């Protein structure tokens, strides 16, 4: 857990050129990620069920506190890869069943949630090295491929191919640029 958080912190350091202590004290996204990493490690641990449930109650309290003060909801049951970065805090909602790959960046106001009916109901699976712009909404039983870019204010309800950029409401492919310049 601490090794993964250290990778998250190092990513913050590369963007800000600031030392770890300043980042830990000032970056609300990092606070949310830290609480998520601790809570998720307990959730996925092999602890006895009773002990795990008791610890998860405390985790839930800390997660709700983080959600209130930062506007970032990262449920402990979500699956979020290492080197996760939240560029600006506020209004970020991640579904409890969402899967987000390694080395992904989220901007403020992003929602990754449930949508659809019957067999199409579900939550997104986000690949590695994905950039999601401000106020984008990614919902439904879809896959966002590795290296994809989702532009600001986009509504994504269909699969996104790897190494492409989508934009709009509904989001459509606008080019084959990948996330290399964003991450």
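The values are calculated or read from the model by the stated rules, or taken from the named source; none is laboratory data. None of the values given here were measured: they were computed from a predicted structure. Here Cβ is always computed from backbone atoms with ideal geometry, including for glycine, and neighbour counts include all displayed protein chains.
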Quick check: anything in the stretch 86-101 touching a helix residue (DSSP H, G or I) at 6+ places or on another chain (Cβ under 6 Å), at positive phi and outside the structural domain of residue 28 (by TED's automatic domain parsing)? no
Within the stretch 103-116, can one find any residue that is part of a loop (DSSP other than H, G, I, E, B) and modelled with pLDDT under 95? yes
So which residues in the stretch 70-103 are within 18 Å of residue 45 (Cβ to Cβ), free of Cβ contacts under 8 Å to residues at least 40 places away in the same chain and in contact with a strand residue (DSSP E or B) (Cβ under 7 Å, 6 or more places away or on another chain), if there are any at all? 75, 79
Selection count where residues are assigned to a loop (DSSP other than H, G, I, E, B) and touching a helix residue (DSSP H, G or I) at 6+ places or on another chain (Cβ under 6 Å), scope the stretch 28-51: 0
Being under 27 Å from residue 118 (Cβ atoms) and either in a loop (DSSP other than H, G, I, E, B) or out of contact with any strand residue (DSSP E or B) (no Cβ under 6 Å at 6 or more places or on another chain) (or both) is the filter here; which residues of the stretch 131-161 pass it? 136, 140, 141, 142, 145, 148, 154, 157, 158, 159, 161
Which condition breaks for residue 12 when tested against (1) crowded, with 18+ Cβ neighbours inside 10 Å; (2) touching a helix residue (DSSP H, G or I) at 6+ places or on another chain (Cβ under 6 Å); (3) modelled with pLDDT of 95 or more? (3)
